[in-house]
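Here the structure comes first, spelled out in C-alpha cells, and everything after it is commentary.
The values are calculated or read from the model by the stated rules, or taken from the named source; none is laboratory data. Everything numeric in this text was worked out from a predicted model, so none of it was measured. Please note: Cβ atoms are built from the backbone with ideal geometry, for glycine as well, and neighbour counts cover all protein chains shown. Note: accessible area is taken over every heavy atom of the protein model, side chains too, but ligands, DNA and RNA are not part of it. Shrake-Rupley method; radii C 1.70, N 1.55, O 1.52, S 1.80 Å.
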Amino acid sequence: MIDIKLLRQDPQRFIDGAAAKRIEVDIPALLADEARLLEAQRELQELRTIQNSAGKKIAKLSGQEKAAAIAEMKQAKDRAKAVEDIIAQLEPKVAGLLLQVPLPPDPAVPRGQTSDDNVEVRRWNPPWFDTARPFAANKGFQPRTHIELGEMLGLLDIPRGVRMSGSRSYVLWGRLAQLHQAVLRLAFDFMVNQQGFTPVSVPVLVRDNVLVGTGFFPFGREQVYQIKETDRGGSQDLYVTGTGEAGLMGLHQDEILDGDSLPRRYVTVSTCFRREAGAAGKDTAGIYRIHQFDKVEQVVVCKNSVEESNKYHEEILANAEAVLKAFELPYRIVVVCTGDLGRGQAKKYDIETWMPSRKNYCETHSASKFYEFQARRMNLRYKETATKKNLFCHTLNNTVIASPRVLIPIMELYQNADGTITVPKVLRPYMGGKERIG
RNA sequence: GGAGAGGUGGCUGAGUGGCUGAAAGCGACGGUUUGCUAAACCGUUGUAGGGGAUCAAACCCCUACCUCGGGUUCGAAUCCCGACCUCUCCGCCA
C-alpha cells in the first residue's frame, strides 16, 4: 500500500507509475472520494466535540435546563448519524482503491511491456560449460531432457503423481528425492551458517490478511489454494501459501519493532502450493511449472531507507548467486522491466538458470524490493531509536533455491553420455558421498 | 466434541453509567545523588487521524481507540446482543 499523503501531494507520479506497470487504477476517482471522506470525518469530529462538551454540561444541570440541553444534544446526534452513514459508505471504497494503487517503479528500472523487455545485467558460467556454445560442443554428446533422464533412471514418476493429484503433479523416487532434499539443505545451511540469517519455521496455512499484507491479495486470489473452513463452521478460511515469504512477512504483522533490532534477516524452507490458474497448456512438460514444490526463501526487514533497501537487495541477490555458483550452474541476472513488475515491487531482479532442454535461461529466482509497500499493508513498523518515531519498515525477499525446478538444470547439465547423472561436488556430503546417480 | 472462566496501556492489575485515556505496581527513558556499580529520590512514558503554529521540528488544540461489531442511553471500559480469541477440566485423536 502506498502513502495516501504522497498520493495527494503528487498524483502524477503514481499515475505515471501505474501506466509504466501497465496496471489500471482510477487515481482521480480515489482522490475525489478521499477528499469527500476527509471532509466528512472533519465534520463528524466537530459534532463529537459539541456532543462531548454538552455531555459534560448535562451532568451538572438539572430540571428544565437539563431537559433543554438534552434536546439540543439529540439534534447533534442526528446530524452525526447522517455523517456517519456517508463515512461508512466511503471508507471501504477508498480503502479498496488505495490497496490497488501500485508502487511506482524505481526511476532506473527499464521501461517495457513484457518479460521480453527485461534487461540482462550479467551472466556467469562454470569453467566446464559455456552457454554460448551448443550442449554437444560443451560435453561431447547430445543431451537428454530431465524428463527422459528421470524416466530412464526410474526416478521421476509423473504418471503416478498425476493419478494421485492430477496434472502438474509428480513423484520423485530414490536418489532424485534425496537430491531434492540435498539442494534444499545446502541452501538452508548456507544461509544460516555462512550468511547469518535466522532460520524460522512458519505456517504454510495462513489467514486472508497475511496474503493481503504481502500484496498477493486481492488480485492473486485465483492463484492460491483455499481451505473453505467457513463451510464447516470455522471462523475463517485458510489459504495454502505459494511461498515462504508469506509466513515470514506475517511474523511481525501489527508489531512495532525496536529499531536497533533491524535488519531482521530470515530464512525458511517450506512447501509451496500454486494453482497455476490461467497457465493451462503452458510449460506442461516435466517439473518446471507444478502445483507443489519446496523452496528456501530469504526475507529482509530493514529500516525505512532507500539506501538500506538497495544494499539488501544486492545482498539477497548475491546470496542466491552464491548458491548457484556452488552448484556450478550457468545463470544470468535480468532487471525486470516496468511492465513485468508486480504491483508492490519497486524493482526486481530475476535469476534465470540455463536449461538445456529449453535451450534458454529460465526463471529460477526472483529478488524483489518493496520499500514500505508490504509493511504498510502488514502494519509492520519500528521505533527509530534517535527520534522515537514509529516508521514503516522496508521489506525485501528472494528465493534461495526452489526445487524440483532447479533439478532440471542440475539433471540436464550434469548428465553423462550413458544417461547417468553426476552429483555436483557440494551436494555429495548430503548424498552420503554418492558421486553419480544411475 | 461436552462443561466452565475470561479478554483493560510494554507487562501485572484496579475500575459496574458522567469527575477515567483510564488508579496502583513493574518495566523503560531523563535527571539528582554517588569513587564505580547498586540503591534511593524527582520527573517523563500508548497509538492513529484531523486542525493550528513553524523553514522544519519541538509545541498547542480537537477526535477516536479499554478484543471486534451492533444495541440501550443525553452520556458506555462500565448495561444488553453477537462475533472472535485465550485459558481450565472432561472426552476423542495424533
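Pop the C-beta distance of A:ARG160 and A:VAL212 into the FRET formula with R0 = 41 Å and round what comes out to the nearest 0.05.
With R0 = 41 Å, the Cβ-Cβ based efficiency is 0.65.
Classify segment A:193-294: rounded, prolate or oblate, from the alpha-carbon gyration tensor (a ≥ b ≥ c, eigenvalue square roots; a/c under 1.5 rounded; otherwise prolate if a/b is larger than b/c)?
Oblate is the answer for segment A:193-294, as a/c is 1.5 or above yet b/c matches or exceeds a/b.
Evaluated at 10 °C with a viscosity of 1.306 mPa s, what Stokes-Einstein diffusion coefficient in µm²/s does chain A have when Rh comes from the Kirkwood expression over alpha-carbon pairs?
64
Carbon and sulfur atoms: what percent of the 1.4 Å accessible area of segment A:4-100 do they account for?
The computed percentage sits at 53.
Can you send over the carbon and sulfur percentage of the accessible area for segment A:115-437, probe radius 1.4 Å, protein chains only?
Reported share for carbon and sulfur atoms: 48 percent.
Distance cut-off 27 Å, Cα to Cα: go down the list A:LYS139/A:LYS347; A:LYS139/A:LYS325; A:LYS295/A:LYS347 and report the pairs above it.
Violating the 27 Å Cα-Cα cut-off are A:LYS139/A:LYS347.
Keeping all protein chains in place and using 1.4 angstrom, which order do A:LYS21, A:LYS347, A:LYS57 fall into by accessible surface area, from largest down?
A:LYS57, A:LYS347, A:LYS21
Rg and Dmax of segment A:43-109, Cα atoms, in Å?
20.7, 73
Would you pull out the residues with amide H under 5 Å of A:LEU257's amide H, same chain only if 5 or more places away, H placed 1.01 Å from N?
Here A:ARG381, A:TYR382, A:LYS383 satisfy the definition.
For A:LYS348, which sequence-distant residues (separation of 5 or more, or a different chain) have an amide H within less than 5 Å of its own amide H, given hydrogens modelled in the peptide plane?
The list, which skips near neighbours in sequence, is A:VAL336.
Just to verify a number: FRET efficiency for A:GLU65 and A:ASP254, C-beta to C-beta distance, R0 = 51 Å, to 0.05?
Taking R0 as 51 Å, the efficiency between A:GLU65 and A:ASP254 is 0.65.
Rounded to the nearest 10 Å², what accessible area does A:GLU384 have for a 1.4 Å probe in the complete protein model?
About 60 Å², ignoring ligands and nucleic acids.
Given a cut-off of 21 Å, what percent of all Cα-Cα pairs of segment A:234-316 lie beyond it?
Considering segment A:234-316, 48 percent of its Cα-Cα pairs are separated by more than 21 Å.
Using modelled backbone amide H atoms (1.01 Å from N, in-plane), which distant-in-sequence or interchain residues come within less than 5 Å of A:LYS303's amide H?
Those lying under 5 Å, H to H, from A:LYS303 are A:HIS394.
If you count the DSSP beta bridges with both ends in chain A, what percent of them are antiparallel, to the nearest 5?
90
Connecting C-alpha atoms closer than 10 Å in a GNM of chain A, tell me which of A:GLY174, A:GLY250, A:GLY213 has the biggest fluctuation.
Evaluated over chain A, the most mobile residue of the options is A:GLY174.
Testing the spin-label approximation: label points 7 Å from Cα along Cα→Cβ at A:ARG428 and A:TRP173. State their distance in nm.
That separation, rounded to one decimal, is 2.7 nm.
So if each residue of separation counts as 0.36 nm, and I subtract the Cα-Cα distance between A:ASN52 and A:ALA132, what length gain in nm does that give?
My answer for the length gained is 21.1 nm.
At 1.4 Å probe size, with every protein chain present, just tell me what the per residue accessible area of chain A comes to in Å².
So chain A comes to 48 Å² accessible per residue, rounded to a whole number.
Sort largest first and round to whole Å: the equivalent ellipsoid semi-axes of segment A:291-358, each the square root of five times a Cα gyration tensor eigenvalue.
23, 16, 13
Pulled fully out, how much extra length does the chain show between A:ARG123 and A:LYS325, if you take 0.36 nm times their separation in residues and subtract their Cα-Cα distance?
Length gained between A:ARG123 and A:LYS325: 71.6 nm.
With the dipole of chain A worked out from charges on the C-beta (+1 for Lys and Arg, -1 for Asp and Glu) around the Cα centre, which of A:ILE401, A:ILE15, A:TYR349 lies farthest toward the positive end?
Result: A:ILE401.
About its Cα centre, how strong a charge dipole does segment A:115-437 have in debye, to the nearest 20, once Lys and Arg get +1 and Asp and Glu get -1 at the Cβ?
In debye, rounded to 20, segment A:115-437 gives about 240.
In nanometres, what is the gap between the two model label sites at A:GLN41 and A:MET152, each 7 Å from Cα along Cα-to-Cβ?
Output for this residue pair reads 6.6 nm.
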